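Worksheet: one structure, shown below.
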Amino acid sequence: MATHHASPGEIVDLATWAQDVPNEKTKVIVKTDEMEMVRLVLPAGKEFADHKVSGPCVIHCLTGEIECVAIGTTQLLASGQLLYLMPDDPHSVKAVVDSVVLLTIIFKD
């Protein structure tokens, strides 16, 4: 079965969005030529090592706590907090505890 992606105008409940994916995994919510939104499920200790994206991005901690290294500093994001990064800013993300993150990337032309 193909995974469901959100349609324009569709309400997305991030708490239940990945129910069609076994074992609470990461899932793309929407992807267009202009943007991508991903619900990331990060078990404690899971890390996305140093990387960058070509457009601005927002890392929004929905639940748990994550460590973000960006712009020469390390910051902890707790539930409900977000971090905005400019295009090509190298960064890494690591789950301090089991966490769910909403990642939004805006693609440059």
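For the chain, the relative contact order works out to 32 percent when only alpha carbon pairs closer than 8 Å and six or more residues apart are counted. Each label point was placed 7 Å from the Cα along the Cα-to-Cβ direction; for His51 and Ser92 their separation is 1.4 nm. What shape does the chain have by the C-alpha gyration tensor, where a ≥ b ≥ c are the square roots of the eigenvalues, rounded means a/c under 1.5, and otherwise prolate means a/b greater than b/c and oblate the rest? Oblate.
About its Cα centre, the dipole of the chain is roughly 140 debye, where the only charges are +1 on Lys and Arg Cβ and -1 on Asp and Glu Cβ. Charged neighbours of Ile29, selected by a Cβ distance under 10 Å, balance to +1 (K, R count +1; D, E count -1). Here r is the Cβ-Cβ distance between Ala6 and Ala78 and R0 is 35 Å; the resulting FRET efficiency, rounded to 0.05, is 0.85.
Taking the accessible area of region 26-92, probe 1.4 Å, and keeping the other protein chains in place, the carbon and sulfur fraction comes to 57%. Using the 1.4 Å probe convention, the accessible area of the chain works out to 60 Å² per residue with neighbouring protein chains retained.
Once the trypsin sites (Lys or Arg not before Pro) in DSSP loops with at most 12 neighbouring Cβ atoms within 10 Å are cut out of the chain, the longest remaining piece is 26-107.
Projecting label points 7 angstrom from Cα along Cα→Cβ for Asp33 and Val69 puts them 3.7 nm apart.
With an a/c value of 1.5 or above and a/b not larger than b/c for the gyration tensor axes a ≥ b ≥ c computed over the alpha-carbon atoms, region 27-89 is described as oblate.
In the elastic network of the chain, a GNM with C-alpha springs shorter than 10 Å, the most mobile of His91, His51, His60 is His51. Electrostatic tally near Gly72: other residues with Cβ closer than 15 Å to its Cβ, Lys and Arg +1, Asp and Glu -1, net -3.
The values are calculated or read from the model by the stated rules, or taken from the named source; none is laboratory data. Source: prediction; values computed, not measured. With ideal geometry, Cβ positions are generated from the backbone for all residues, glycine too; neighbour counts draw on all protein chains shown. Side chains included, ligands, DNA and RNA excluded: accessible areas come from the protein's heavy atoms. Shrake-Rupley method; radii C 1.70, N 1.55, O 1.52, S 1.80 Å.
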